[in-house]
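See structure below.
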Amino acid sequence: MPAYIPAHKSLVMLSGILEMCLGFILLNPETQSIGAWGMIGALILFLSIHYHMATHKEASLGIPTWILWLRLPLQIALIFWAYQYA
């Protein structure tokens, strides 16, 4: 996570909880559109963090560089997939 973002551990935990909540919201047909738009927003936000990890070795957590770069187009595909439910 970029250094300019405070409380890394808390935000990572909060983002995980957010993803789980949005996933549960997606399960209900009545709230599916809201959940999909929330997931799109979260995926766009995470895109910047994934780019930071790919471009800063100290943030890569030892993950091979090619995997970090592969996550970026995968993130775009996930955004498109979520849009199918919006």
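List of remarks:
- Overall shape: oblate for the chain, with the ratio a/c of the largest to smallest alpha carbon gyration tensor axis at 1.5 or above and b/c at least equal to a/b.
- Comparing Met13, Met53, Met39 in a Gaussian network model of the chain where C-alpha atoms under 10 Å apart are linked, the largest mean-square fluctuation is found at Met13.
- In nm, spacing of pseudo-spin labels at Leu14 and Tyr83 (7 Å Cα→C-beta vector): 2.8 nm
- Degrees, to the nearest 10: 65-83 long Cα axis against longest axis of the chain: 20 degrees
- Highest mean packing first, where packing is the average number of other Cβ atoms within 10 Å per residue, the peptides 58-69, 75-86 line up as 75-86, 58-69.
- Spacing of the two label points (7 Å from each Cα toward its C-beta) at Ile34 and Thr65, in nm: 4.5 nm
- Taking the chain and dividing mean pair separation by its residue count, relative contact order in percent (alpha carbons under 8 Å, at least six apart): 33 percent
Every number in this text was worked out from the coordinates using simple rules, so none of it is lab data. This structure is a prediction, so every number in the text was calculated from the model and none was measured. Because the Cβ atoms are built from the backbone with ideal geometry, glycine has one as well, and the counts that use them run over all protein chains shown.
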